Amino acid sequence: MSFLMPLRIEKRASDSQVMAVLSPLMAMILTLVTGAAVFASLGHAPGEALYTFFILPLSDVYGWTELGVKVAPLLLCAMGLMVCFKAKIWNIGAEGQFIIGALGGGYLALELAAFESAWALPLVLFFGASCGLAWAALAAFLKTRFAANEILTTIMLNYIALNLLLFAVHGPLKDPDGYSFPESALFSDFTMLPLISEDYRLNISVFFALAAVAIIWTLMARTFIGFQISVLGEDASAARFAGFKEKRLVWFSLLVCGALAGLAGVSEVSGPIGQLNPYVSPGYGYTAIIVVFLGRMHPLGMVGASMLLALTYMGGEMVQMDLSLPKSITGLFQGMLLFYLLACDFLIGYRFVARGHLTGASDGS
C-alpha cells in the first residue's frame, strides 16, 4: 500500500489584516537573507556587503541628499500608478511616460536655450508633463475604444518611447559639439530646477513629489471621483450599476499617471542630468510598481517604500565601487523584493494543504 500526499491550494476563510501589514516586512527580511547568501556565494562577507549596500550610502549628508534625488522621480511615478492600480487598471507604462516627458521637456529646453526668462522653466515642466499625459492617452484610447489590454499596450509603448529617445539623441537632438557622444547640449540655467543647496544635487523636484503625495491622498480619500475609482477597482459591475462612467474613470486615471510620470521625467533632465542622453531613467517607472505594492497603496507607506527602493540604486553604485560587483545587483535586489512580496501576499489569502490520497486498496496491495 502506498500513500500520495499531493498539495492543493485552499482559500483562507478570511485574510489576516495583521499579516497584510507585516507582509512587506517579511519580504524585506527574506530579501536580506537571500541577499546575504548571494554576497557569500560571490566571495564577500555577507555582513560587510549588506552594510556597504544599505548603510554606507547614508553615512553622510551628501548620501541623504542623493537619496532625495532618487526618491523624487520614484514617488511621482508611484503616486500616479497608485491611482491606476486602485481602479484595477494595470498600467505598466510609467517608464515610457517618464521617458516621453523627459524627451518632450528636454526638446523644449533646447529650443528655449536663448530664452532668458523666468517663464522658461515652468514652460518646460508643463510641456514635459503634458507629453507624459499624451503618451498615457494613447493607452487610454486603445483600452476604451478597442478594449485593448493595457498591460500589453503600455509595455509596448515603453519600448517605442525608448527608441524615440535613442533616435533623438543619436540624431536631431545630438549636440553638434559633443564629440559624437549620443547626448544633447547642456540646458541653460533658465530651464534648470533650482537647487535646495549649492553644495548638493538635491533640487525642488522633491517638493513636487511631496505635493503629489498630498494631492493624490486627498483625491482618493476626500473626493467623489476618488471614491468612484476605488469602487471601480473593487467591483466594476457595481460601479456600472451605480452609474459611474467607467471609460471616463479609465481616462482620468491614466492621464493622472501620465502627467505625474512625465513631470518626473522632465524634472530629471532639468535637474540632476541637465541634458538628454540614452540613460535618463535607470528604470524608475518599473521600480515605482514595486513602490506601490510595497507601500500597500497608501501614500505614507509609499514614501517609505520609495526611500527603500531609492536606496537600492545607491547601494548598487556603492558595491560597484567598493566591492567591484556589477551595478546590476540593484535589479537583483529589487526583483527579489518583488518576488517575496508577491509570495507573502499570496499566502495571506491562500494556503497549501497536504491531502492524503490512498492508492492500491482496490487491488489488495
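Annotation for residue 210 and residue 8: the two label points, set 7 Å from Cα along the Cα-Cβ direction, are 5.5 nm apart. For the chain, the number of Lys pairs separated by eight or more positions or lying on different chains, with C-alpha atoms closer than 24 Å, is 11. Spacing of the modelled spin labels on residue 160 and residue 353, each 7 Å from Cα toward Cβ, amounts to 4.7 nm.
Ranked by the mean number of other Cβ atoms within 10 Å of their residues, highest first, the peptides 61-68, 155-162 come out as 155-162, 61-68. Exposure proxy for 248, 145: other Cβ atoms within 10 Å of each Cβ, ordered fewest to most, give 145, 248. As a check on your grasp of the helix formula, calculate [θ] at 222 nm for the chain: sum -39500 (n - 2.57) over DSSP H runs of n ≥ 4, divide by the residue count, round to the nearest 500. That comes out to -22000 deg cm²/dmol. Each residue in 336, 79 was given a count of other beta-carbon atoms within 10 angstrom of its own, and listing them fewest first yields 336, 79. Protection proxy ranking, highest mean first, for peptides 192-198, 203-209: 203-209, 192-198, where packing is the per-residue count of other beta-carbon atoms within 10 Å, averaged. Would you mind computing, in nm to one decimal, how far apart the modelled labels at residue 218 and residue 235 are, each placed 7 Å from Cα along Cα→Cβ? Here the modelled spin labels are 3.1 nm apart. Translational diffusion of the stretch 72-294, estimated by Stokes-Einstein from the Kirkwood radius over alpha carbon pairs at 20 °C in a medium of 1.002 mPa s, is 122 µm² per second. Mean separation of Cα pairs under 8 Å and 6 or more residues apart, divided by the residue count, gives the chain a relative contact order of 36 percent.
Here, the stretch 63-151 yields an orientationally averaged convex hull projection of 7.4 nm² when only Cα atoms define the hull. Stretched out straight at 0.36 nm per residue, the stretch from residue 170 to residue 225 would grow longer than its current Cα-Cα span by 15.5 nm. Most tightly packed first, judged by the mean number of other beta-carbon atoms within 10 Å of their residues, the peptides 267-280, 111-124 read 267-280, 111-124. Between residue 321 and residue 40, the contour length at 0.36 nm per residue exceeds the Cα-Cα span by 99.4 nm.
Values quoted throughout were computed directly from the atomic coordinates according to the rules given, and no laboratory measurement underlies them. None of these values were measured; they are calculated from a predicted model. Here Cβ is always computed from backbone atoms with ideal geometry, including for glycine, and neighbour counts include all displayed protein chains.
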